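Taking it in order: structure first as structure tokens, then the write-up.
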Amino acid sequence: MLPFAELHLHLEGTLEPELVLTLAERNRIALPYRDADDLRSHYTYGCLQDFLDLYYANMQVLRTESDFAELTDAYLARAAAAGVVRAEVFCDLQAHTARGVPAPVVLAGIADALATSGVDHGVSSGLILTFLRHLPAADAELAYDQALATGVELLGVGLCSSEVGFPAAPFADLFARARADGLHTVAHAGEEGGPDSVWDVLEHLAVERIDHGINAMDDPDLVRHLAERGIPLTVCPLSNVSLHAVASLADHPLPAMLEAGLKVSINSDDPAYFGGYLGENLAAVQAEFGLDAAQLATLSANSIEASFLPQADKLRLLSLH
Ligand code: HPA
Ligand code: ZN
């Protein structure tokens, strides 16, 4: 099995319907669903916001440190089975503190599972704190302070949630601060927004990776810029189909992105909501585009190179090809 790094994964998006119901019962939260299939029947979305509404609603079942540890561990087990050897995972801390779950509960639970990911699953890991761009930058800054106060080690910071209508500039100072603190930086862009949205996060946040970025393909100057600088794009094919970022998988720009020499990797985004983990995403693009062994090896190598692993670890993983 080729080794992959998963670089675009929201831990909250790995909350499977069965676990939603188990945690709801454990935490005595009433939900309006008969069973897991009933909940799953709501998993069709007209747009990104439809998905986000359900994603935030389901999160209310996550209450205790062990809930977060269990969620994280279940993801790591699934990821390992698909060939993931490195996972740089996102946590939407503000979505939890806003409903009264303290930052130390969230981050200690996640950190607990990540601390043993290598031993338990053969997956090295890092945690990226993703700020919600539909909330004020002051709220993100508060979340950053709360996260630092827990003492839990962060790999980086990111930006996600609703894209259109929420510019990056207000977050510039916070991203500069995180960079000065030695953290890596990523941002969602070019998923529901166009190329301008990708330029926006490059200009204002100077991010090292773009999450999604598929709509960059509409701007040849931007494609050249991304290719020349080797700025990685973390692409999530099944997410893009589910959220209608593309009309169908056949219309996905993945082959054109590879052709343009962009450093694209395949990721699962919110696998419990979009039809599968890394393995299902890889199988879907292989079936649709008939990727050959060399293209698959490129996707594997891109994911390792685009990770925030130390150079020596990258070389060791690349030598497994
Ligand atoms: N886009 C933006 N925000 C998100 C996503 C996404 O695909 N998934 C979870 N938060
Ligand atoms: Zn995402």
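Find how many whole Å separate the alpha carbon centroid of the stretch 56-107 from the alpha carbon centroid of the stretch 232-272.
If you average the Cα positions of each part, the centres end up 24 Å apart.
Among 284, 217, 108, whose Cα lies farthest out toward the positive end of the dipole of the chain, if unit charges sit on the beta carbon of Lys, Arg (+1) and Asp, Glu (-1)?
The one lying farthest along the dipole's positive direction is 108.
Report, by chain and number, residues whose modeled amide H sits under 5 Å from the one on residue 124, excluding near sequence neighbours (fewer than 5 apart, same chain).
For residue 124, the qualifying residues are 86, 87.
So how do 216-226, 246-256 stack up, highest first, on mean other-Cβ count within 10 Å? Write out the running numbers ahead of the final one.
Values: 216-226: 17.5, 246-256: 15.0.
Ranking the peptides 216-226, 246-256 by packing returns 216-226, 246-256.
With springs only between Cα atoms under 10 Å, which of 240, 215, 27 fluctuates most in a Gaussian network model of the chain?
27
Considering only 237, 32, 136, give the residue with the highest GNM mean-square fluctuation for the chain, with springs between Cα atoms whenever their separation is below 10 Å.
32
Using amide H atoms built 1.01 Å from N in the peptide plane, name the residues 5+ places from residue 159, or on other chains, whose amide H lies under 5 Å from its own.
Close amide H contacts, sequence-distant or interchain: 131, 186, 187, 188.
Among rounded, prolate and oblate, which fits the stretch 4-314 when a ≥ b ≥ c are the square roots of the eigenvalues of its C-alpha gyration tensor, a/c under 1.5 means rounded, and a/b larger than b/c means prolate?
Numbers: a/c = 1.38, a/b = 1.21, b/c = 1.14.
In terms of gyration-tensor shape, rounded.
At 222 nm, what helix-only mean residue ellipticity would the chain give, in deg cm²/dmol to the nearest 500, using -39500 (n - 2.57) for each DSSP H run of four or more? Each step should come with its number before you reach the end.
Details: 17 runs with 160 residues, N = 321.
Mean residue ellipticity, 222 nm, calculated: -14500 deg cm²/dmol.
At a threshold of 8 angstrom on Cα-Cα distance, excluding pairs fewer than six apart, so keeping six or more, what relative contact order does the stretch 4-314 reach in percent?
Working: 527 pairs, mean separation 60.3, N = 311.
Relative contact order comes out at 19 percent.
Dividing the alpha-carbon Rg of the stretch 43-119 by 2.2 N^0.38 Å yields what? Walk me through the numbers on the way to the answer.
Values: Rg = 13.7 Å, N = 77, 2.2 N^0.38 = 11.5 Å.
Rounded to two decimals, the normalised Rg is 1.19.
What ranking do 143-155, 181-193 get when scored by the average of other Cβ atoms within 10 Å per residue, highest first? Could you put the intermediate results ahead of the total?
On the way: 143-155: 17.1, 181-193: 22.0.
The packing order, highest mean first, is 181-193, 143-155.
Using a Gaussian network model on the chain with a 10 Å cutoff between Cα atoms, which of 100, 194, 276 fluctuates the most?
Of 100, 194, 276, the Gaussian network model singles out 100 as fluctuating most.
Can you give the relative contact order of the stretch 182-321 as a percent, counting alpha carbon pairs under 8 Å and 6+ residues apart?
Values: 188 pairs, mean separation 26.0, N = 140.
Computed value for the stretch 182-321: 19 percent relative contact order.
Bear in mind that the values in this text are calculations on the coordinates, not laboratory data. No experiment lies behind these values; they were computed from the predicted model shown. When we count neighbours, we look across all protein chains shown, and the Cβ atoms used for this are built from the backbone with ideal geometry, even at glycine.
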